[in-house]
Amino acid sequence: MGKYHFIIIGAGWRALYYVRIAKAMPDIFCLDAVYCRTQEKADKIAREYQIHTTTSKEECAAYKPDFAVIAVNKAEICNVAVEWMDRGITVLSETPAALDIEALKKLYGYYKVGKKQVVAEQYREYPSNKAALRLIGSGIIGDVSCMNISLAHEYHGVSLMRAYLGIRPDENFTVSGKMYEFPTTETLTRYEQFTDGRIANKKRCVAAFEYDCGKTAWYDFDSEQYRSPIRKNTVKVQGIRGEMIDDRIYYLDKNNKGQADQIITGFHITRTDNPNPNLSEIYEVEKISCAGKVLYEPQWGLRGLSEDETAVATLMIKTALYNRDEAPAPYSVEDAIADAYTAILLKEAVKTGKCIRSDMKRIKE
């Protein structure tokens, strides 16, 4: 098999996830280069992380990597992804795929002519979500009809909604929503930890998605939710014969008697010297089980990676296999477009106060 070779376009906060993954999995990945716009940034990143950096796009392309990670700011992701696809390189682009409908149409056009793009929508690959989806997919709660999700924002939340409800990327829907603000004690950001009790108004988006197939999702996301220890992520999925609420599942057995089980997650704690307070202690998932059945174990063993990094690493491997025509795309362009388009309509619904109806055919015109 050999190692999977890749390059990174961009050198910001998200790009460094891929650097950490490469260092944690040196037997699987080879990071050929990180492209930086300026020599000053290239020198800084090379010095701090002991990796090869360059300001030459031609050098990056000459490596002929399995894929190029596009980790630039959201407004540039689409154009940069197109640029590297034009160079004949498979891209793994950060989320969202694009910010407007015209850009989504452009990406769909590239997809239809055979250009290879994977969007790094990683939430379905989280060990916790993968295990829960496998459990629900077993039919234990029967056909799923509705859910409440307070777990991830916009396109990430949409991806999980569709996964849990079994919604196709071309399924139309209506969305209505509203934005609220509530005073909240600040605790963690990407780079800082606050312990002085400071309070600020934080936004909370609440929305209802009603799909044409009859299924419904209630979306609820707080801007503090990803990192704050006082804002819990939660998901509730209801089916004909039961429901799952976070790590508990309630269902009817074959005799129609009520049962309850807990989804048990085993962690391996890895301490790091990373100054980021969110990464000072890694809880790596080593096993998830329910009712004596194993739902998840790390395929490549323990690597000292968080759930998010584990999910991204899985997408990286699958993208390399897709590039080599050894596997299908791990997250299709059609799925990624559906997520981005839905996020656009969600913002419109919240801004206007109207119930907005989707038209998935718009993207394919």
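The values are calculated or read from the model by the stated rules, or taken from the named source; none is laboratory data. Predicted model, so just to flag it, every value in this text is computed and none were measured. For neighbour counting, all protein chains shown are included, and Cβ atoms are generated from backbone atoms with ideal geometry for every residue, glycine included. The area values use the complete protein model at the heavy-atom level, side chains included, leaving out ligands, DNA and RNA. Shrake-Rupley method; radii C 1.70, N 1.55, O 1.52, S 1.80 Å.
Is it true that ARG162 is open to solvent by 20 Å² or more (accessible area, probe 1.4 Å), assigned to a helix (DSSP H, G or I) and of a type outside the set (Gly, Ala, Ser)? Can you show your working first?
Values: open to solvent by 20 Å² or more (accessible area, probe 1.4 Å): no; assigned to a helix (DSSP H, G or I): yes; of a type outside the set (Gly, Ala, Ser): yes.
No; evaluated as a whole, the condition is false for this residue.
Of the strands (runs of 3 or more DSSP E) lying entirely inside the range 241-358, those containing at least 2 residues that are more than 22 Å from the chain's Cα centre (by Cα) and on the phi < 0 side of the Ramachandran plot span 248-252, 258-271, 281-290, 293-296.
Restricting attention to the range 5-56, the residues that are within 21 Å of the chain's Cα centre (by Cα) and either closer than 17 Å to VAL72 by Cβ or open to solvent by less than 30 Å² (accessible area, probe 1.4 Å) (or both) add up to 19. Would you check if there is a residue in the range 106-121 being surrounded by fewer than 18 Cβ atoms within 10 Å (Cβ to Cβ), out of contact with any His (no Cβ under 9 Å at 6 or more places or on another chain) and more than 29 Å from GLU348 (Cβ to Cβ)? There is at least one residue in the range 106-121 that is surrounded by fewer than 18 Cβ atoms within 10 Å (Cβ to Cβ), out of contact with any His (no Cβ under 9 Å at 6 or more places or on another chain) and more than 29 Å from GLU348 (Cβ to Cβ).
Taking the condition open to solvent by less than 50 Å² (accessible area, probe 1.4 Å), touching a strand residue (DSSP E or B) at 6+ places or on another chain (Cβ under 6 Å), in contact (Cβ under 8 Å) with a residue 12 or more places away in the chain and closer than 30 Å to GLU326 by Cβ, does ALA131 pass? Talk me through it step by step, then tell me what you get.
Numbers: open to solvent by less than 50 Å² (accessible area, probe 1.4 Å): yes; touching a strand residue (DSSP E or B) at 6+ places or on another chain (Cβ under 6 Å): yes; in contact (Cβ under 8 Å) with a residue 12 or more places away in the chain: yes; closer than 30 Å to GLU326 by Cβ: yes.
Yes, satisfied.
Would you confirm whether any residue within the range 141-159 is closer than 11 Å to ALA217 by Cα, in contact with a strand residue (DSSP E or B) (Cβ under 7 Å, 6 or more places away or on another chain), open to solvent by less than 10 Å² (accessible area, probe 1.4 Å) and part of a helix (DSSP H, G or I)? Yes, there is a match, as at least one residue in the range 141-159 is closer than 11 Å to ALA217 by Cα, in contact with a strand residue (DSSP E or B) (Cβ under 7 Å, 6 or more places away or on another chain), open to solvent by less than 10 Å² (accessible area, probe 1.4 Å) and part of a helix (DSSP H, G or I).
Any idea which of ALA61, ALA81 is of a type in the set (Gly, Ala, Ser), in contact with a strand residue (DSSP E or B) (Cβ under 8 Å, 6 or more places away or on another chain) and at negative phi? Reasoning before the result, please.
Details: ALA61 fails: in contact with a strand residue (DSSP E or B) (Cβ under 8 Å, 6 or more places away or on another chain).
None of the other options fit; the residue is ALA81.
Remark: pairs (first residue in the range 1-30, farther than 19 Å from PRO298 by Cβ; second residue polar (S, T, N, Q) and open to solvent by less than 10 Å² (accessible area, probe 1.4 Å); Cβ separation under 7 Å; 6+ apart in sequence or on different chains) are absent. Entry remark, the range 322-339: residues being free of Cβ contacts under 8 Å to residues at least 24 places away in the same chain, open to solvent by 40 Å² or more (accessible area, probe 1.4 Å) and not charged (D, E, K, R) number 1 in total.
Of all residues being hydroxyl-bearing (Ser, Thr, Tyr) and farther than 22 Å from GLU307 by Cα in the range 190-218, which is most open to solvent (accessible area, probe 1.4 Å)? Just the residue, please.
It comes out as THR195.
Every condition in (1) surrounded by fewer than 17 Cβ atoms within 10 Å (Cβ to Cβ); (2) under 18 Å from the mean Cα position of the chain (by Cα); (3) closer than 19 Å to ALA313 by Cβ is met by VAL69 except one, and the failing one is (1).
Within the range 112-163, the set of residues being charged (D, E, K, R) and farther than 19 Å from THR265 by Cα comprises LYS112, LYS115, LYS116, GLU121, ASP143, GLU154, ARG162.
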